[in-house]
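Below is the structure I would like to discuss, written out as structure tokens.
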């Protein structure tokens with residue numbers, strides 16, 4: 001049985017990590033190592049992990065961010081295969097067994113991935129299946145599909161160590177979305193397969209590190225533009241779809257800046273979007289108008305529109321459709 005290295009990064013959050021570790025210990029596939037990288041926590045993470053001290057490899061580094069911590073885990077891993085698990089998420093019991101079998105039976109593949117469940121902290125038994133769009137397209141279209149949607153969970157992947165060596169490690173210049181950059185490079189330079197077994201559960205409804213929307217959109221724009229610049233044939237294949245995707249990110253960055261009351265920065269994003277990506281012109285002009293009004297007045301208009309929509313327009317549409 002080939003060794004799998006499961007890498008968990010933890011930083012000042014101890015309330016869920018035992019559940020994450022227990023989900024690995026409950027795997028039907030037993031040849032794994034659990035690597036916990038403590039990214040400079042000031043809380044008593046090590047004490048929480050004490051009951052698992054003979055079952056895990058605990059590593060500590062000063063706080064350098066998620067990408068650096070994952071690279072530190074990779075550097076200290078011994079497995080033929082690599083998987084990442086966020087400290088508040090769970091593997092499904094047969095995740096490793098199912099995905100290792102696919103890679104063992106298909107030596108030309110570099111990685112495998114799946115759909116995932118979304119669950120709530122307060123109702124852990126309730127889970128919603130999140131289907132990736134990549135499950136319905138041929139593998140030759142994976143890189144294109146991921147560029148347009150990036151709707152996969154980090155913990156849904158199992159990757160060969162040799163594939164990581166081929167594409168390089170996580171980009172430590174990225175504060176967030178380092179995983180999107182990593183997986184995009186993997187899709188562009190290696191072959192993968194979609195597994196129908198839903199392999200992981202992702203926790204929703206809590207304050208996750210990745211919720212700073214301004215930083216997320218800024219980093220996503222950098223990621224995707226770099227992917228296009230470094231792969232001109234891929235950029236040519238995407239064509240106008242790439243423009244539309246990046247244009248939408250500029251639009252949503254403008255929205256996030258506007259909602260944070262950074263009006264002048266938001267206006268710059270909307271103006272750039274209007275000039276570069278005219279397919280979004282109606283939405284952009286609306287928010288340029290809101291930038292002139294200011295956030296307070298714009299919110300009054302939006303609240304009035306939502307009131308009209310919920311109490312009149314929606315009801316009228318339902319009655320019209322039923323009459324038809």
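The values are calculated or read from the model by the stated rules, or taken from the named source; none is laboratory data. On a predicted model such as this, the values are computed, not experimentally measured, just so you know. Methodologically, a virtual Cβ is constructed for each residue, glycine included, from the backbone with ideal geometry; neighbour enumeration extends over all protein chains shown.
Which of the residues belonging to the stretch 54-72 are more than 19 Å from the chain's Cα centre (by Cα) and not in a strand (DSSP E or B)?
Within the stretch 54-72, 54, 55, 56, 62, 63, 64, 72 qualify.
State whether the residues of the stretch 30-48 include one that is surrounded by 19 or more Cβ atoms within 10 Å (Cβ to Cβ), touching a strand residue (DSSP E or B) at 6+ places or on another chain (Cβ under 6 Å) and modelled with pLDDT under 95.
Yes, there is a match, as at least one residue in the stretch 30-48 is surrounded by 19 or more Cβ atoms within 10 Å (Cβ to Cβ), touching a strand residue (DSSP E or B) at 6+ places or on another chain (Cβ under 6 Å) and modelled with pLDDT under 95.
Which residues, counting only those in the stretch 129-169, are part of a strand (DSSP E or B) and exposed (fewer than 12 other Cβ atoms within 10 Å of the Cβ)? First the steps, then the outcome.
Filtering the stretch 129-169 for residues part of a strand (DSSP E or B) gives 129-130, 158-160.
Matches in the stretch 129-169: 129 only.
Further, regarding this structure: Pick out the one residue from 190, 179 that is in the same structural domain as residue 120 (by TED's automatic domain parsing) and farther than 15 Å from residue 83 by Cβ.
Of the residues listed, the single one that is in the same structural domain as residue 120 (by TED's automatic domain parsing) and farther than 15 Å from residue 83 by Cβ is 190.
Can I ask one more? Taking the conditions exactly as written (within 19 Å of residue 34 (Cα to Cα) and over 16 Å from the mean Cα position of the chain (by Cα)), does residue 82 satisfy them or not?
On the way: within 19 Å of residue 34 (Cα to Cα): yes; over 16 Å from the mean Cα position of the chain (by Cα): yes.
Criteria met by residue 82.
Limited to the stretch 221-241, what total is found for residues that are closer than 26 Å to residue 287 by Cβ, in contact (Cβ under 8 Å) with a residue 60 or more places away in the chain and under 19 Å from the mean Cα position of the chain (by Cα)?
1
Closer than 23 Å to residue 177 by Cα, over 20 Å from the mean Cα position of the chain (by Cα) and in a loop (DSSP other than H, G, I, E, B) - does that describe any residue in the stretch 87-100?
Narrowing the stretch 87-100 to residues closer than 23 Å to residue 177 by Cα: 87-91.
Restricting the remaining residues to those that are over 20 Å from the mean Cα position of the chain (by Cα) gives none.
The answer is no, given that none of the residues of the stretch 87-100 is closer than 23 Å to residue 177 by Cα, over 20 Å from the mean Cα position of the chain (by Cα) and in a loop (DSSP other than H, G, I, E, B).
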